[in-house]
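Peer 1: Before we start, here is the structure in question, set down as structure tokens.
Please treat every number below as a calculation from the coordinates, not as lab data. Quantities reported herein were computed from a predicted structural model and do not represent experimental measurements. Every residue, glycine as well, gets a Cβ built from its backbone with ideal geometry; the counts of neighbours run over all protein chains shown.
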Amino acid sequence: MSEFVHQMAPWIDEAEVEAMSTYLRSGAWLTEFGHTREFERRIADYVDSKHCSVLVNGTVTLYTAIIALGLGPGDEVLVPDFTMVATATSVVAAGATPVFVDVEEETLCMSMAEAEKKITPRTKAIMYVPLNGRSGDMLMWVEFAKAHNIALIEDAAQALGSFYSDKHLGTFGDLGSFSFSSLKIITTGQGGALATDSDELIAKIVKIRDFGRPASGLDEHVDFGLNFKFTDVQSVIGNEQMKKLPWRVQRKRQIMARYMHRLADVSQVRFTRTDLSQTSPWFIDIICEKRDELRQHLKENQIGARSFYPAVHSTKVFGQDGSYPVTEMLSANGLWIPSGSQLTDEEIDRVCDVITHFYRT
Ligand SMILES: *Cc1c(COP(=O)(O)O)cnc(C)c1O
């Protein structure tokens, strides 16, 4: 019996073990300090943003982005219907209202034509999700936000290592958010980051993350704040993971290219068009016939796969009606197949053989 191939799994090696033991022997205070500042600097350098703040996770970063922009009750935020649920729940947490927008089939990202229809006088921001590192024309989204006088937040949780027109995703709008949960391209177990070029926004974020203090350790509270601080324990891992990111980005591109090549003749499986000079797909997504049966068949063959997200508007927590045909189609037919950067070529070939065989019989 061959080993189970996970759809995605975290990947650490001796580099993290060594770094952690050195850190723990160094008189560590454990909470955020020098290693966290280094992690922030590494991210800012990589994505080419002026500032970066690392926070506890990639949901809290979205919430923090919304309140840093001064949004709250009465304000509407456009959110794609096809996304991980936190894109929408973080808006709710801030007291604002998520307004769902259908996506486009070519990119799996928010449709501008649909967004236009959902604009009202209460619309204050767009939460754009470059799903799996793909995006629409980001320069047009920047123009769109400007034209409507609303903020642009990029939930780039899945887009570390992905670019549009050679500019890193998450750096087009006012704020870009990243996630380091255990299944993301790099991980610190839990973690998130906000990137911005705005001195004003980063000053707000730094206060929000530390009880509204003007400086750490000072019990003055000049602004609203909670405690979203990161830890150096995690940053020690994050810094090692960042060193591996350029390699992972290349590997992700090779993985997708190999899947597309090996499955090119399987007419029941479709890939989303991907420019591999710009995108390093976080999850490998396919739109396929008999999705649930295929997933089951993969499982019986020791291969993990994950169905696409449900249409967020229709989840029990939101329970809304409305017509979102592209999201509903994706949700019913989309499957994420093994995607970790640690996959070997042999494992990819095995997955492709199992898929090919499934449709032949
Ligand atoms: C992972 C993810 C999040 C949430 O990040 P966490 O760090 O798990 O809180 C938000 N949005 C998208 C698109 C994601 O993929």
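Peer 1: Just to verify a number: FRET efficiency for Asp345 and Ala93, C-beta to C-beta distance, R0 = 35 Å, to 0.05?
Peer 2: 0.25
Peer 1: Let me ask you something else. Between Glu116 and Ala203, what length in nm is gained on full extension when 0.36 nm per residue of separation is reduced by their alpha carbon distance?
Peer 2: Details: separation 87, 0.36 × 87 = 31.32 nm, distance 3.18 nm.
Residue separation times 0.36 nm, minus the Cα-Cα distance, leaves 28.1 nm.
Peer 1: Continuing with the same structure: Pop a pseudo-label 7 angstrom from the Cα along the beta-carbon direction at both Phe224 and Val85 and give the gap in nm to one decimal.
Peer 2: 2.4
Peer 1: Taking neighbour Cβ counts within 10 Å as the exposure measure, how do Glu114, Glu32 sort from fewest upward? It would help to have the intermediate numbers written out before the result.
Peer 2: Working: Glu114 19, Glu32 22.
Sorted ascending by nearby Cβ count, the order is Glu114, Glu32.
Peer 1: Further question: Cross-link list Lys146/Lys229; Lys118/Lys146; Lys50/Lys252: which exceed 21 angstrom alpha carbon to alpha carbon?
Peer 2: Exceeds cut-off: Lys146/Lys229; Lys50/Lys252.
Peer 1: Further question: Give the long-range amide H neighbours of Phe228: residues separated by 5 or more places, or on another chain, with amide H under 5 Å away, using H modelled in the peptide plane at 1.01 Å from N.
Peer 2: Amide H neighbours of Phe228: Asp210, Phe211.
Peer 1: Just to confirm a number: summing +1 for Lys and Arg and -1 for Asp and Glu over residues other than Met20 whose beta-carbon lies under 11 angstrom from that of Met20, what do you get?
Peer 2: -4
Peer 1: Say the dipole of the stretch 126-266 comes from +1 at the beta carbon of Lys and Arg and -1 at that of Asp and Glu; which of Ile202, Val266, Gln254 then lies farthest toward its positive end?
Peer 2: Val266
Peer 1: I would also like to ask the following. Give me P(r) over the chain, computed from all C-alpha to C-alpha distances, binned every 10 Å, as integer percentages.
Peer 2: Bins of 10 Å from zero give 5, 24, 32, 25, 11, 2, 0 percent of pairs.
Peer 1: Once the Cβ-Cβ distance between Glu300 and Asp353 is put in as r, and R0 is 22 Å, what FRET efficiency do you end up with, to the nearest 0.05?
Peer 2: Step by step, r from the Cβ atoms, then E = 0.95.
Peer 1: Out of Gly70, Ser26, Val60, whose Cα points farthest toward the positive end of the dipole of the stretch 1-80 (charges: +1 Lys, Arg; -1 Asp, Glu; placed on Cβ)?
Peer 2: Checked the options; the winner is Gly70.
Peer 1: For the residues Phe100, Phe4, Phe144, Phe178, what sequence is obtained by ranking on other C-beta atoms within 10 Å, fewest first?
Peer 2: Details: Phe100 24, Phe4 12, Phe144 19, Phe178 27.
Sorted ascending by nearby Cβ count, the order is Phe4, Phe144, Phe100, Phe178.
Peer 1: Using the number of other C-beta atoms within 10 angstrom as an exposure proxy, rank Phe180, Phe228 with the fewest first.
Peer 2: Fewest to most other Cβ atoms nearby, the residues stand as Phe228, Phe180.
Peer 1: Would you work out which of Ala159, Ser341, Phe144 lies farthest towards the positive end of the dipole of the chain? Charges go on Cβ: Lys and Arg +1, Asp and Glu -1.
Peer 2: About the Cα centre, the residue reaching furthest to the positive side is Ser341.
Peer 1: Counting only residues 5 or more places away or on other chains, whose amide H sits under 5 Å from the amide H of Ser307 once H atoms are built in the peptide plane?
Peer 2: Trp336
Peer 1: Sticking with this one: Measure out, as a whole number of angstrom, how far apart the alpha-carbon centroids of the stretch 9-67 and the stretch 344-360 sit.
Peer 2: 36
Peer 1: If each residue of separation counts as 0.36 nm, what is the full-extension length gain between Arg25 and Arg37 once their alpha-carbon separation is subtracted?
Peer 2: That pair, Arg25 and Arg37, stretches by 2.4 nm at full extension.
Peer 1: For the stretch 328-339, just list the computed ³J(HN,Hα) in residue order, Karplus coefficients 6.51, -1.76 and 1.60, θ = phi - 60°, integers in Hz, with x standing in for Gly and Pro.
Peer 2: These are the phi-based 3J(HN,Hα) values: 5, 5, 4, 4, 7, 10, x, 9, 9, 9, x, 9 Hz.
Peer 1: Compute the signed sum of charges (Lys and Arg +1, Asp and Glu -1) over the other residues within less than 14 Å, Cβ to Cβ, of Lys207. Write down the numbers at each step before the final one.
Peer 2: Working: positive: Lys204, Arg209, Arg213, Lys229; negative: Asp199, Glu200, Asp210, Asp219, Glu220, Asp223.
Once all neighbours under 14 Å are counted, the net charge is -2.
Peer 1: Could you give the dipole magnitude of the stretch 216-361 about its Cα centre, charging the beta-carbon of Lys and Arg +1 and that of Asp and Glu -1, in debye to the nearest 20?
Peer 2: It comes to approximately 480 debye.
Peer 1: Pull out a ≥ b ≥ c, the square roots of the eigenvalues of the alpha-carbon gyration tensor of the stretch 1-110, then state rounded if a/c is under 1.5, prolate if not and a/b is larger than b/c, and oblate in the remaining case.
Peer 2: In terms of gyration-tensor shape, oblate.
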